[in-house]
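Novice: Dropping a structure here in structure tokens format, bear with me for questions.
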Amino acid sequence: MRNFAIAASIAALALGLVGPASAQSPIIIKFSHVVATDTPKGKGAEKFKELAEKYTAGKVKVEVYPNSTLYKDKEELEALQLGSVQMLAPSNSKFGPLGIREFEVFDLPYILPDLKTLRKVTEGPLGARLLKLLDAKGITGLAYWDNGFKQMSANKKLVTPADYQGVKFRIQSSRVIQAQFKALSSLPQVMAFSEVYQALQTGVVDGQENTWSNIYTQKMHEVQKYITETNHGYIGYVVIVNKKFWDDLPADIRDPLTKAMKEATDFSNTQSQKENDDALAEIKKSGKSEIIKLTPEQDEMLRKAMEPVYKDAAGRIGQPLIDEFLKEAKSTTN
Ligand code: LMR
């Protein structure tokens with residue numbers, strides 16, 4: 001009897017009636033990311049999953065892996081290029097090390113004064129042009145997702161530029177961010193996002209820069225005595241897919257996925273600011289970190305101290321691209 005059952009299963013498999021070769025098997029999209037689910041990116045990924053599965057009537061299954069459960073920062077891009085994972089949303093900073101230097105512009109201090117300017121960049125021809133650069137790396141850029149503006153945290157009070165001297169900061173792998181901390185005479189150290197909490201806790205580094213939502217969901221505020229509200233830089237993401245995977249999808253799958261991505265993007269970008277405001281409120285409520293606000297004079301001092309970063313970046317990415325960003329900022333404020 002048992003032998004008969006095994007033989008029947010083998011026959012069914014051979015005929016393609018059951019198992020992984022079945023025509024009914026959904027297409028799997030593994031969507032890996034490094035942050036918590038309760039963040040702008042985490043919620044965007046969940047929204048995309050919901051809509052993608054709905055609009056393809058279950059022909060696509062999206063598996064979301066948050067919190068670096070599959071890959072850490074650098075590894076996830078390699079995995080996407082190899083096709084081991086299909087979708088990611090790395091921060092803009094992650095593309096410079098991949099050889100697409102133009103993305104370094106997003107890391108320049110104070111380059112994006114507000115979300116309105118950011119939208120003009122990402123939703124306009126400039127944003128589209130930058131996405132196109134990813135093609136050469138076997139990557140298709142689908143959308144820009146917000147996180148928000150970065151704050152500085154440390155175990156000492158960071159008020160004037162002199163306070164940054166000799167402080168060890170965890171940074172993402174970015175030439176611009178490295179130059180930013182060098183301009184402040186700090187000691188930048190590249191580290192994967194998943195390792196930051198422990199590095200702060202054990203004193204491997206003294207401080208870091210990130211958005212309120214990332215600081216709160218990684219519990220960094222529990223191991224940092226002070227957070228200075230600087231809004232000195234921006235963290236946002238490009239949602240990317242393996243180009244071959246995407247191009248090979250039949251149109252009746254790719255089109256509903258494109259629609260799902262558009263709606264997930266609108267959803268994510270509409271609530272990113274609130275996510276960060278809520279995280280700030282929670283950090284304040286916890287009483288674990290003291291939040292420092294800069295006076296306009298102190299803010300100006302920090303801006304001035306970081307100015308050399310522009311010259312450094314222009315040498316690599318060219319002044320014209322920086323000027324294009326600055327022009328958008330000017331036209332928004334005027
Ligand atoms: C970081 O590495 O600090 C961030 O880019 C993490 C993220 O994806 O928001």
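The values are calculated or read from the model by the stated rules, or taken from the named source; none is laboratory data. Fair warning: this is a prediction, and the values are worked out from it, not measured in the lab. Positions of Cβ are generated from backbone atoms using ideal geometry, with glycine treated the same way; all protein chains shown enter the neighbour counts. SASA here: full protein model, heavy atoms, side chains in, ligands and nucleic acids out. Shrake-Rupley method; radii C 1.70, N 1.55, O 1.52, S 1.80 Å.
Novice: Cβ contacts < 6 Å: first residue among the hydroxyl-bearing types (Ser, Thr, Tyr), restricted to region 78-101; second residue within 16 Å of the ligand (Cβ to nearest atom), any location; separation 6+ or different chain. Result?
Specialist: Ser91/Ile235; Ser91/Tyr237; Ser93/Asp107; Ser93/Gln172; Ser93/Ser174
Novice: Sort out which residues of region 47-67 are open to solvent by 20 Å² or more (accessible area, probe 1.4 Å) and among the polar types (S, T, N, Q), and write them in order of number.
Specialist: The one that is open to solvent by 20 Å² or more (accessible area, probe 1.4 Å) and among the polar types (S, T, N, Q): Asn67.
Novice: For Asn276, indicate whether it is within 22 Å of the chain's Cα centre (by Cα) and open to solvent by 20 Å² or more (accessible area, probe 1.4 Å).
Specialist: The answer is no for Asn276.
Novice: How about region 1-46: which of its residues are part of a helix (DSSP H, G or I), open to solvent by 50 Å² or more (accessible area, probe 1.4 Å) and either at pLDDT 95 or above or touching a His at 6+ places or on another chain (Cβ under 9 Å) (or both)?
Specialist: The answer is Lys43, Glu46.
Novice: Follow-up question, since we're still on this one. Would region 119-130 turn up any residue that is within 16 Å of the ligand (Cβ to nearest atom) and in a loop (DSSP other than H, G, I, E, B)?
Specialist: Within region 119-130, none of the residues are within 16 Å of the ligand (Cβ to nearest atom) and in a loop (DSSP other than H, G, I, E, B).
Novice: Pick out the one residue from Leu142, Leu133 that is more than 28 Å from Gln224 (Cα to Cα) and assigned to a helix (DSSP H, G or I).
Specialist: Leu133
Novice: Tally up the residues in region 170-192 that are within 16 Å of the ligand (Cβ to nearest atom), open to solvent by 10 Å² or more (accessible area, probe 1.4 Å), more than 9 Å from Asp107 (Cβ to Cβ) and part of a helix (DSSP H, G or I), please.
Specialist: 1
Novice: Tell me, which residue of region 196-250 that is touching a helix residue (DSSP H, G or I) at 6+ places or on another chain (Cβ under 7 Å) and open to solvent by 50 Å² or more (accessible area, probe 1.4 Å) is farthest from the ligand (Cβ to nearest atom)?
Specialist: Step by step, filter region 196-250, then rank; the result is Lys243.
Novice: Same structure again: Please go through region 146-169 and pick out each residue that is open to solvent by less than 10 Å² (accessible area, probe 1.4 Å) and either within 16 Å of the ligand (Cβ to nearest atom) or in a strand (DSSP E or B) (or both).
Specialist: Asp146, Asn147, Gly148, Lys150, Gln151, Met152, Ser153, Ala154, Phe169
Novice: Still on this structure: Among the residues of region 97-108, write down those that are surrounded by 24 or more Cβ atoms within 10 Å (Cβ to Cβ) and outside any helix (DSSP H, G or I).
Specialist: Residue satisfying the conditions is Leu108 alone.
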